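All remarks here apply to the structure that follows.
The values are calculated or read from the model by the stated rules, or taken from the named source; none is laboratory data. Please read all numbers here as calculations on a predicted model, not as lab measurements. We place every Cβ from the backbone using ideal geometry, glycine too, and count neighbours over all the protein chains shown. Quick note on the areas: whole protein, heavy atoms, side chains included, nothing else; ligands and nucleic acids left out. Shrake-Rupley method; radii C 1.70, N 1.55, O 1.52, S 1.80 Å.
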Amino acid sequence: GEDVEQSLFLSVREGDSSVINCTYTDSSSTYLYWYKQEPGAGLQLLTYIFSNMDMKQDQRLTVLLNKKDKHLSLRIADTQTGDSAIYFCAESGGYQKVTFGTGTKLQVIP
Amino acid sequence: DAGITQSPRHKVTETGTPVTLRCHQTENHRYMYWYRQDPGHGLRLIHYSYGVKDTDKGEVSDGYSVSRSKTEDFLLTLESATSSQTSVYFCAINSGSADTQYFGPGTRLTVL
């Protein structure tokens, strides 16, 4: 079945760039997503990328997709303390279902 | 805001009791989902619905049942709650655009 893997934790200093990485197994995924979860809240869709794209930029967020290696990354430029959260990578698995990774906790040090 | 609410937001119950969680949406989306979130496991799909009275199992459906009698409401029932069902439960809808899912605020359930 589909599997999505992420590292558990990332710590960066305020103002630096953060890069969160993800690997997935389903080569037929049509869309790949990044979600953000703040404490006590639900998941918030940050951005998504269509599988035939290599890159997508949205303000401070840059998504890179390496389809050959099944690797997805999220770069946050000029990371702020408000970016501290858990970030989930996810892939569409057909039948309107999505498989989520275990999440990467981003800690931003002032 | 996808107009998704969940109730209750917090619940403490005892082992062996039935529990029903409610998800309500205001935007007439066809697909709805129930997930549980546990440390180290991310989100795992319990059940989902693709229309009124149309439901199917996810990867962790044992001990759970669902019902959808109206488009806007999707109910998750723990038939006889166990401590292993202590978790945070999230409801989601599929927006129909790029299969993007939008989530409710969650229900924290503790089974003693």
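In debye to the nearest 20, how big a dipole does chain A give about its Cα centre with +1 on each Lys and Arg Cβ and -1 on each Asp and Glu Cβ?
It comes to approximately 80 debye.
What is the Cα convex hull volume of the protein assembly as shown when expressed per residue in Å³?
Roughly 116 Å³ of hull volume per residue.
Only bridges whose two residues both fall in the protein assembly as shown count here: according to DSSP, what percent of them are antiparallel, nearest 5?
Within the protein assembly as shown, antiparallel bridges account for around 90 percent of the total.
Gap in Å between the Cα centre of the stretch A:23-92 and the Cα centre of the stretch B:1-68?
24
Please identify, among B:V19, B:V60, B:V88, the residue showing maximal mean-square fluctuation in a Gaussian network model of chain B using a 10 angstrom Cα cutoff.
B:V60
How much area per residue is accessible in chain A when the probe is 1.4 Å and only protein heavy atoms are counted (Å²)?
50
What ³J(HN,Hα) values, in whole Hz, does the Karplus curve 6.51 cos²θ - 1.76 cosθ + 1.60 give for the stretch B:70-83 when θ = phi - 60°, with x put for Gly and Pro?
9, 3, 7, 10, 10, 9, 10, 10, 9, 5, 8, 4, 10, 4
Have a look at B:V60, B:Q101, B:A81 and report the one farthest towards the positive end of the charge dipole of the stretch B:52-112, computed about the Cα centre with Cβ charges (Lys/Arg +1, Asp/Glu -1).
The one lying farthest along the dipole's positive direction is B:A81.
With springs connecting C-alpha atoms under 10 Å apart, model chain A as a Gaussian network and identify which of A:L74, A:L43, A:L32 has the largest mean-square fluctuation.
Greatest mean-square fluctuation among the candidates belongs to A:L43.
For the residue pair B:A98 and A:S51, what label-to-label distance in nm results when each label sits 7 Å from Cα along the Cα-to-beta-carbon direction?
Here the modelled spin labels are 1.6 nm apart.
With a 1.4 Å probe and every protein chain kept in, tell me what percent of the accessible surface of the protein assembly as shown is carbon plus sulfur.
Percent of accessible area from carbon and sulfur atoms in the protein assembly as shown: 47.
Roughly how large is the B-A contact in terms of buried accessible area, totalled over both chains, probe 1.4 Å, nearest 100 Å²?
The buried area between B and A, both sides summed, comes to about 1600 Å².
List the residues whose amide H sits under 5 Å from the amide H of B:G58, counting only those 5 or more places along or on another chain, with H placed 1.01 Å from N in the peptide plane.
HN-HN under 5 Å from B:G58: B:H47, B:Y48.
Which residue, A:T30, A:T47, A:T99, has the most motion in a Gaussian network model of chain A that connects Cα atoms within less than 10 Å?
Maximum fluctuation in the GNM of chain A, among the listed residues, is at A:T30.
In percent, what relative contact order does chain A have, based on Cα pairs under 8 Å that are 6 or more apart in sequence?
39
Calculate the spin-label point distance for A:D3 paired with A:S27, positioning each point 7 Å from the Cα along the beta-carbon direction, and give it in nanometres.
With each label placed 7 Å out from Cα toward Cβ, I get 1.7 nm.
Across the protein assembly as shown, how many lysine pairs, 8 or more apart or on two chains, come within less than 14 Å at their alpha-carbon atoms?
Step by step, the pairs that qualify in the protein assembly as shown add up to 4.
Rounded to the nearest whole Å³, what is the per residue volume of the convex hull around the Cα atoms of chain B?
Taking only Cα atoms, chain B has a hull volume of 94 Å³ per residue.
In the stretch A:50-110, which chymotrypsin sites (Phe, Trp or Tyr not before Pro) are in a loop and have at most 15 other Cβ atoms within 10 Å, using DSSP for the loop call?
Passing both the DSSP loop test and the Cβ count: A:Y95.
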